[in-house]
Amino acid sequence: MSVLIEKDVSLKPYNTLAVEVAARFFVKVQSLAQLKAALAWAQQHKVEVFLLGGGSNLVLTADLDMLVIHLQLRGIEVLDEDAEYARVEVQAGENWHAFVQWSLAQGYSGLENLSLIPGHIGAAPVQNIGAYGVELKDHLESVLVYDRRTEQTQRLSAEQCQFAYRDSLFKRESGRRVILSVIFKLPKQAHLQLDYGQLRSYLAEQQIVQPTPQDVSRAVCAIRAEKLPDPTLLANTGSFFKNPVVSAEHAQQLQQTYPHLVSFAQSDGQVKLAAGWLIEQAGWKGVRHGDAGVHAKQALVLVNHGSATGKQILELAAQIQADIRQRFAVELDIEPNVIGAIAAQA
Ligand code: EPU
């Protein structure tokens, strides 16, 4: 099996933050055999490997002196179904939103709240994508991976993936396992998750009393489109920071100074704060430093207005982090993966 290795390829079309960096070596793989051949080539030529999916959760800070492997495994297969559930296996290179729409068209529910999230199937388990009260882990049965350490494929149950808020085994042991496909267990009778205030009020405004999964998907698309920039029109990586979790005492103290503090009690007694609210309060919404900016409609999203570098985006992020630390004594963690020369400092 041979693969076509290209040299000095621009990664601008492959990252939704539209940062201009080059990959020294670049290869597209469409099968496990091609993936193995690409990994063998890297080993033979002693170059590091970077695995690229949809590039929607990525900050590239420098040219990559590596082999960038663009995963393009495609295919959707219904494994089995009964009156209650369908089990569907989806290859890593499929587009997330297109798959959600496909599943709804088949009459399978569960993923409607996750409509319009950019990126590919293979990236979804890495950060356990979530929106409007639903997380990927709620409907994921297992993940098929290629383990670069053992050089074997392995099927990991949802439990083995160690999912948590925007976190998983794949994020913690980054680079070790290549996600090949995901099996979903999707209910055929909808159990809609409508707790998220904005979703409920949008449906009420539209006078939709008994929403279908398709109605919820349309509502989610409309709500996202209002606040979150379309990466094809304004380059971004979605939320740039995680929502921070603080102690109940800390949240109470903040509440005294900021009576309108947006906070959500967690089951373990801690309190999750809305990073977007904190950043907006600190006056950063819509701020622009050159081409690096804070989105005018959602302060949690950093945007590239044109030719910002990854480093400039990170500099803006560092200023925001320092300001939030000083004002609220809260640490904001960066959500996307930072790849490149200065990643260790990010
Ligand atoms: N808020 C502000 N100002 C802002 C942004 C938010 O005051 O500029 C307030 C809102 O008014 C609201 C609260 O903060 O009271 C939460 O805002 P929102 O509902 O927009 O959600 P978020 O916490 O900003 C999270 C996820 C999003 C996901 C939405 C909906 C994270 C890091 N982000 O954002 O996920 O779509 O909830 O569930 O958890 C992503 O991960 O890339 C992403 C977009």
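The values are calculated or read from the model by the stated rules, or taken from the named source; none is laboratory data. Treat the numbers as computed from the prediction; the structure is a model and nothing was measured. Note that each Cβ is placed from the backbone with ideal geometry, even for glycine, and that neighbours are counted across all protein chains shown.
Looking across the range 296-346, the residues that are among the polar types (S, T, N, Q) and modelled with pLDDT of 95 or more come down to Gln298, Asn304, Ser307, Thr309, Gln312, Gln319, Gln321, Gln326. For Glu331, the stated conditions hold: it is at negative phi and assigned to a loop (DSSP other than H, G, I, E, B). Residues in the range 73-87 that are farther than 27 Å from Gly238 by Cα, crowded, with 17+ Cβ neighbours inside 10 Å and either of a type in the set (A, V, I, L, M) or within 19 Å of the chain's Cα centre (by Cα) (or both): Ala86 alone. Suppose we keep only residues that are within 11 Å of the ligand (Cβ to nearest atom) and more than 9 Å from the chain's Cα centre (by Cα) within the range 120-135. Which one would you say is farthest from Ala164 (Cα to Cα)? Among those that are within 11 Å of the ligand (Cβ to nearest atom) and more than 9 Å from the chain's Cα centre (by Cα), it is Tyr132.
Beta carbons closer than 6 Å, at least 6 apart along the sequence or on distinct chains, never pair a first residue in the range 17-37 that is not assigned by TED's automatic domain parsing to the domain that holds Leu64 with a second that is surrounded by 17 or more Cβ atoms within 10 Å (Cβ to Cβ).
Checking the stated criteria, Leu116 turns out not to satisfy the condition of being surrounded by fewer than 23 Cβ atoms within 10 Å (Cβ to Cβ) and either free of Cβ contacts under 8 Å to residues at least 60 places away in the same chain or away from the ligand (no atom under 16 Å from the Cβ) (or both). Residue selection: Gly293 fails the criterion of being at pLDDT below 95 and of a type in the set (Gly, Ala, Ser). Out of everything in the range 269-282 that is free of Cβ contacts under 8 Å to residues at least 40 places away in the same chain and more than 9 Å from the ligand (Cβ to nearest atom), what residue ends up being surrounded by the fewest Cβ atoms within 10 Å (Cβ to Cβ)? So, considering only residues that are free of Cβ contacts under 8 Å to residues at least 40 places away in the same chain and more than 9 Å from the ligand (Cβ to nearest atom), the one surrounded by the fewest Cβ atoms within 10 Å (Cβ to Cβ) is Gly269. Restricted to the range 205-281, the set of strands (runs of 3 or more DSSP E) holding at least 1 residues that are among the aromatic types (Phe, Trp, Tyr) comprises 263-265.
So that you can scan it fast, the table gives a plain yes or no per residue for (1) surrounded by fewer than 19 Cβ atoms within 10 Å (Cβ to Cβ); (2) within 21 Å of the chain's Cα centre (by Cα):
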residue	(1), (2)
Asp8	yes, no
Arg24	yes, no
Gln30	yes, no
Ala38	no, no
Lys46	yes, no
Leu52	no, yes
Val68	no, yes
Leu71	no, yes
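A single member of Pro187, Pro211, Pro259 is crowded, with 19+ Cβ neighbours inside 10 Å, away from the ligand (no atom under 11 Å from the Cβ) and not aliphatic (A, V, I, L, M), and it is Pro211. Checked against (1) within 16 Å of the ligand (Cβ to nearest atom); (2) farther than 17 Å from Val338 by Cα; (3) in contact (Cβ under 8 Å) with a residue 60 or more places away in the chain, Phe163 passes all but a single condition, namely (3).
Against the condition within 14 Å of the ligand (Cβ to nearest atom), assigned by TED's automatic domain parsing to the domain that holds Gly310 and crowded, with 17+ Cβ neighbours inside 10 Å, how does Pro244 come out, does it pass? It is true that Pro244 is within 14 Å of the ligand (Cβ to nearest atom), assigned by TED's automatic domain parsing to the domain that holds Gly310 and crowded, with 17+ Cβ neighbours inside 10 Å. Counting residues in the range 276-287 that are over 18 Å from Asn57 (Cβ atoms) and among the charged types (D, E, K, R) gives one or more.
Selection of first residues in the range 120-136 that are on the phi > 0 side of the Ramachandran plot and of second residues that are within 8 Å of the ligand (Cβ to nearest atom) and at pLDDT below 95, restricted to Cβ pairs under 8 Å at least 6 apart or on distinct chains, gives the following pairs, ordered by first then second residue: Asn128/Tyr165; Asn128/Arg166; Tyr132/Tyr196; Tyr132/Gln198; Gly133/Tyr196.
Of the listed requirements (1) at pLDDT 95 or above; (2) more than 16 Å from the ligand (Cβ to nearest atom), Lys285 misses just one: (2).
Among the residues of the range 302-317, some residue qualifies, meaning at least one is among the acidic types (Asp, Glu), outside any loop (DSSP other than H, G, I, E, B), more than 9 Å from the ligand (Cβ to nearest atom) and not assigned by TED's automatic domain parsing to the domain that holds Pro125. On the stretch given as the range 288-301, residues that are among the charged types (D, E, K, R) and either more than 16 Å from the ligand (Cβ to nearest atom) or within 22 Å of Val21 (Cα to Cα) (or both) total 2. Does the range 225-234 include one or more residues that are of a type in the set (A, V, I, L, M) and surrounded by 21 or more Cβ atoms within 10 Å (Cβ to Cβ)? Among the residues of the range 225-234, at least one is of a type in the set (A, V, I, L, M) and surrounded by 21 or more Cβ atoms within 10 Å (Cβ to Cβ), which makes the answer yes.
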